[in-house]
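Peer 1: Submitted below is the structure of interest, expressed as structure tokens.
The values are calculated or read from the model by the stated rules, or taken from the named source; none is laboratory data. Quantities reported herein were computed from a predicted structural model and do not represent experimental measurements. Using ideal geometry, Cβ is built from the backbone for each residue, glycine included, and neighbour counts are taken over all protein chains shown. These accessible areas exclude ligands, DNA and RNA; they are computed on the full protein's heavy atoms, side chains included. Shrake-Rupley method; radii C 1.70, N 1.55, O 1.52, S 1.80 Å.
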Amino acid sequence: MATYTITLNERTTSGKALMAYLQALGVLMHKVSPKAKSSYLRSQEDKKAGRIEKFSSSEEMFKSLGI
């Protein structure tokens, strides 16, 4: 048995019809909605991964960037 992941737009007529058809067949297991990461969570991941640089002044930052 294979597992497939599809993305449907349930706001359209065809998306609603396809969802109803899959439910009627009994092949639809569950609905999964992706959760977007907040900017705070992304920044914490960047911090843990060491992708953050700290500068004592703007001049030091510009010098590091070569500006």
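Peer 1: With a 1.4 Å probe and all protein chains left in place, how much of the accessible area of the chain comes from carbon and sulfur atoms, in whole percent? Before the final figure, lay out each step's value.
Peer 2: Values: 3790 of 6710 Å².
Roughly 56 percent, rounded to a whole number.
Peer 1: Determine how many Å³ per residue the convex hull of the Cα atoms of the chain encloses.
Peer 2: Values: hull volume 13.4 nm³, N = 67.
So the per-residue hull volume is 200 Å³.
Peer 1: So, one more: Select from ASN9, GLY50, ALA36 the residue farthest towards the positive end of the dipole of the range 3-67; place +1 on Cβ of Lys and Arg, -1 on Cβ of Asp and Glu, and compute about the Cα centre.
Peer 2: ASN9
Peer 1: Okay, next question. Please work out the average accessible area per residue across the chain, using the 1.4 Å probe convention, and give it in Å².
Peer 2: Working: 6710 Å² over 67 residues.
That works out to 100 Å² for each residue.
Peer 1: Let me know the charge dipole size of the chain about its Cα centre in debye, to the nearest 20, where only the beta-carbon of Lys, Arg (+1) and Asp, Glu (-1) is charged. Don't skip to the answer; put the middle values down first.
Peer 2: Numbers: 11 positive and 6 negative charges, 43 e Å.
That gives a dipole near 200 debye.
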